[in-house]
Structures are given as C-alpha cells and as structure tokens.
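Bear in mind these aren't lab numbers, they're just calculated from the coordinates by the rules spelled out. As the structure is a computational prediction, the values presented were derived from the model and not from experiment. Positions of Cβ are backbone-derived with ideal geometry, glycine not excepted, and every protein chain shown enters the neighbour counts.
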Ligand code: MN
C-alpha cells in the first residue's frame with residue numbers, strides 16, 4: 001500500500017487548509033467520496049477508503065450513470081482519510097489551487113473480492129456504491145499505467161441523465177462551487193465555470209423573488 005509521502009511532498013500545510021497527511025488506524029468504514037475540483041481544469045476526484053488512506057483517481061468528465069459511457073479515471077496519489085470531508089479553497093499557486101466541493105459521499109462494497117489492495121493491483125475492482133448521488137454497481141478497470149476507466153453496470157440505478165449536470169451541488173452543504181469560493185475567499189469567477197447552468201447568487205435570488 002502506497003504511503004502518503006507523495007501527498008505530503010506536493011503540499012504546503014502552512015499555506016493550504018487541506019488535511020495533514022495522517023494515516024489513521026481503526027475500523028475500515030469503506031468510505032467513498034467524489035470531490036468536484038476546479039483547479040487548472042474542472043475534474044472530479046473519486047476516492048475509496050482502503051488500507052487507512054483514500055485511494056484516488058481524477059475523473060476529468062466526472063462519473064456517468066450511463067453504462068454505455070466509459071469515463072477516464074487517472075490514478076493519483078493517496079490522500080488521508082480526513083480529506084473525505086474537505087470542502088473549501090486551496091490557495092492559488094499551491095498544488096491543486098482552486099475550489100473543492102464534496103459532490104458525493106457514502107460507503108462502498110467490493111463485489112469481486114475482499115482485498116481491495118490486491119484487486120487494485122490486478123486492475124479490476126467491481127464495487128457497489130451507496131452514495132447520495134452515485135448508487136448501484138460500478139467497475140474501475142485499469143487500461144494501462146495510471147489510466148483506468150470508471151463504468152456503470154446495468155442495474156436499476158443506471159440512467160442516461162448526467163448527474164454532474166442535474167445534481168451539481170455539494171452533498172455536505174448544498175453549495176455550488178461559486179458559493180464555496182465566495183464564502184471561503186476563493187476565485188468566484190473561476191469556480192463558477194464549474195457550475196453547469198448556474199447563475200451568480202444575486203441574479204438567482206432576483207429570479208426566485210419573482
Ligand atoms: Mn483534484
């Protein structure tokens with residue numbers, strides 16, 4: 001199991017509010033989280049608790065609930081468990097500078113074995129997600145090197161709706177990316193480009209008063 005060394009090397013914890021690289025022992029909860037992250041580009045960080053850390057993939061287009069759609073998922077460095085609740089602003093100039101939202105959170109169950117480490121080594125992890133948005137059966141399958149695909153299996157939770165569009169806000173705070181940036185001292189204009197069909201808070205309030 002890879003350590004949190006790379007995570008630590010990339011960050012300045014005196015400048016970024018992100019969690020420190022602590023590995024936490026204890027009962028595995030098999031937590032999963034998807035963080036929407038407007039850094040240089042908008043992407044969705046898909047993370048699974050395994051071996052006391054969050055195994056992590058960056059999914060540029062976000063997860064799709066359509067079984068016909070295969071989404072590229074790039075394996076990235078392990079993150080500490082505490083990262084699962086991180087929502088806020090990473091200062092510009094720091095690694096991953098930009099706004100982070102907890103887009104979905106829940107637990108998962110592996111479907112093709114119990115040892116997550118060995119399933120990941122083999123390059124195929126079938127899993128059931130029990131999130132607020134993502135549910136049912138999925139697979140993460142490695143194609144080469146750090147490239148994986150995240151694919152929905154056919155079940156009653158499969159849908160052609162793009163959840164990233166129909167359900168864009170935080171499951172922790174209901175905020176949009178622009179609202180998080182606005183309330184936590186980030187770049188609102190940049191964050192707003194990650195909010196599909198969103199409008200600035202002022203005009204939305206105007207509209208809702210009509
Ligand atoms: Mn990221």
For this session: Give just the number: which of (1) closer than 26 Å to residue 187 by Cβ; (2) surrounded by fewer than 23 Cβ atoms within 10 Å (Cβ to Cβ); (3) touching a residue at least 24 places away in the same chain (Cβ under 8 Å) does residue 69 not satisfy?
Result: (1)
Seminar exercise, completed: Exception for residue 52 within (1) surrounded by fewer than 17 Cβ atoms within 10 Å (Cβ to Cβ); (2) more than 15 Å from the ligand (Cβ to nearest atom) falls at (1)
For this session: May I ask you to verify whether residue 59 is out of contact with any helix residue (DSSP H, G or I) (no Cβ under 6 Å at 6 or more places or on another chain) and within 16 Å of the ligand (Cβ to nearest atom)?
Result: yes
For this session: Being in contact with a helix residue (DSSP H, G or I) (Cβ under 7 Å, 6 or more places away or on another chain) and over 19 Å from residue 51 (Cβ atoms) is the filter here, so list the residues in the stretch 64-82 that pass it.
Result: 65
Exercise. Would a scan of the stretch 86-105 turn up a residue that is more than 19 Å from residue 21 (Cβ to Cβ), out of contact with any helix residue (DSSP H, G or I) (no Cβ under 9 Å at 6 or more places or on another chain), assigned to a strand (DSSP E or B) and within 16 Å of the ligand (Cβ to nearest atom)?
Worked result: no
Exercise. With respect to the numbered conditions (1) under 29 Å from residue 189 (Cβ atoms); (2) not in a strand (DSSP E or B), which one is the sole condition not fulfilled by residue 36?
Worked result: (2)
Seminar exercise, completed: Residue set 164, 128; condition surrounded by 15 or more Cβ atoms within 10 Å (Cβ to Cβ) and free of Cβ contacts under 8 Å to residues at least 60 places away in the same chain; output residue 128
